[in-house]
1. Among the residues of region 176-191, which ones are out of contact with any strand residue (DSSP E or B) (no Cβ under 8 Å at 6 or more places or on another chain) and surrounded by 19 or more Cβ atoms within 10 Å (Cβ to Cβ)?
2. Only residues that are in a helix (DSSP H, G or I) and hydroxyl-bearing (S, T, Y): list them for region 173-231, please.
3. Do any helices (runs of 4 or more DSSP H) entirely within region 76-162 hold 2 or more residues that are buried (at least 21 other Cβ atoms within 10 Å of the Cβ) and modelled with pLDDT of 90 or more, and if so, which?
4. Cβ-Cβ under 7 Å, sequence separation 6+ or interchain: first residue in region 286-314 and surrounded by fewer than 18 Cβ atoms within 10 Å (Cβ to Cβ), partner charged (D, E, K, R). Which pairs?
5. Kindly indicate which of I279, I291 is under 24 Å from the mean Cα position of the chain (by Cα), β-branched (V, I, T) and farther than 20 Å from F53 by Cα.
6. Within region 1-37, work out how many residues are surrounded by 10 or more Cβ atoms within 10 Å (Cβ to Cβ) and at pLDDT 80 or above.
7. For region 163-172, how many residues meet the condition of being hydrophobic (A, V, I, L, M, F, W, C), under 17 Å from G283 (Cβ atoms) and outside any loop (DSSP other than H, G, I, E, B)?
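The values are calculated or read from the model by the stated rules, or taken from the named source; none is laboratory data. Owing to the predicted nature of the structure, the values given are computational and were not obtained by experimental measurement. Positions of Cβ are backbone-derived with ideal geometry, glycine not excepted, and every protein chain shown enters the neighbour counts.
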Amino acid sequence: MATITPQRFDADTDASEPRDLTIRKGPSDRLFDGITSASGLLVLVIMGAVGLFLTLEALQSLEAVGVSFLTETSWEPDRGQFGIASVLLFTVLIALVAVAIALPVSVATALFIAEVAPTWLRSWLISLVDLMAAVPSVVYGLWGLYLMQGQVIGLSRWLNTWFGWLPFFSVDGADPSSPLASATVYTASTFVAGVVVAMMVMPIQCVVMREVFSQVPPGEREGAFALGSTRWGMMRVVTLPFGRGGMIGGTMLGLGRALGETIAVLLIISPRFDINFHILEAGSNSVSALIASRYAESSEFGLSALFAAGLALFAVTLVVNFTASWFVARSRSGASSEA
């Protein structure tokens, strides 16, 4: 336990000046400080060790191809032609589709739990959302492969029919005007994988947003109601502005999870290695799925190439997560609202 000892007044001490406080930490405080400091340092050491390990294992392949590792689309390490340009693009597209779908659902769910749901229902909803985050990714992958994909194909066809003039929604070889056209051009696509990953990142985003929304000062809520605001008006001018940083942080945390998702994406996609922005078109890929599918059959040099791909994904994920942590920390410092 810490002891605070104020400075004693002497005859020569100016009473108008603030007194110095001396804090003497007890054994339990010093032990707690040591454990927390060591834990924080251990996390940094582990992250640094992972990055160093990936770098050392990837040096062989990176020295062989150099900068072309970031621009090459094919993946044939034994022939000296490999790069992450295509797989990294598909990884980002899948993550963006997932976040675009999960964001409005997460915000609406977090607002309902924090502001609308009665107390007896709130605990149940919190448990259900937390339970969704605990479901293994392979379960989501099987669910997406055998159930969701057949339902999403209809949505993909509709998007291609009415919005095919947009580059992202166009599909080569599809005939929207023919009801008998084959649906295989829409299967195993970036969009299907993104829908499944969205169900996985939604709980993470919802938890962060819910915690930030719950920290809104009650006085600001009551002040909005006192001025005649409706419940939605209160949420629009008080809750949402206060939790803006948490919404951004939760979204980016979900983006980090989506970038690294492996098994669910691997079960759904049909691997391809080219630059393709058509998210509804059959075939996709990701860095993590590439590593999982090629690890067992790779040679020593091929493993080094996979480690290089893992190093690139590790760096991208670190940047996203650190940015998200900054936004979340900023949101909890008392963001201002428009009330």
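1. The one that is out of contact with any strand residue (DSSP E or B) (no Cβ under 8 Å at 6 or more places or on another chain) and surrounded by 19 or more Cβ atoms within 10 Å (Cβ to Cβ): F191.
2. Matches in region 173-231: T184, Y186, T190.
3. In region 76-162, 85-111, 137-143 are the helices (runs of 4 or more DSSP H) which contain 2 or more residues that are buried (at least 21 other Cβ atoms within 10 Å of the Cβ) and modelled with pLDDT of 90 or more.
4. S299/D78; F301/D78
5. On the way: I291 fails: farther than 20 Å from F53 by Cα.
From the options I279, I291, the qualifying one is I279.
6. So the count comes out to 10.
7. 2
Rundown of residues vs (1) in contact (Cβ under 8 Å) with a residue 60 or more places away in the chain; (2) in contact with a strand residue (DSSP E or B) (Cβ under 9 Å, 6 or more places away or on another chain); (3) more than 16 Å from A114 (Cα to Cα), yes/no style:
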position: E222; (1), (2), (3): no, no, no
position: W232; (1), (2), (3): no, no, no
position: V238; (1), (2), (3): yes, no, no
position: G243; (1), (2), (3): yes, no, no
position: M247; (1), (2), (3): yes, no, no
position: G250; (1), (2), (3): yes, no, no
position: L253; (1), (2), (3): yes, no, yes
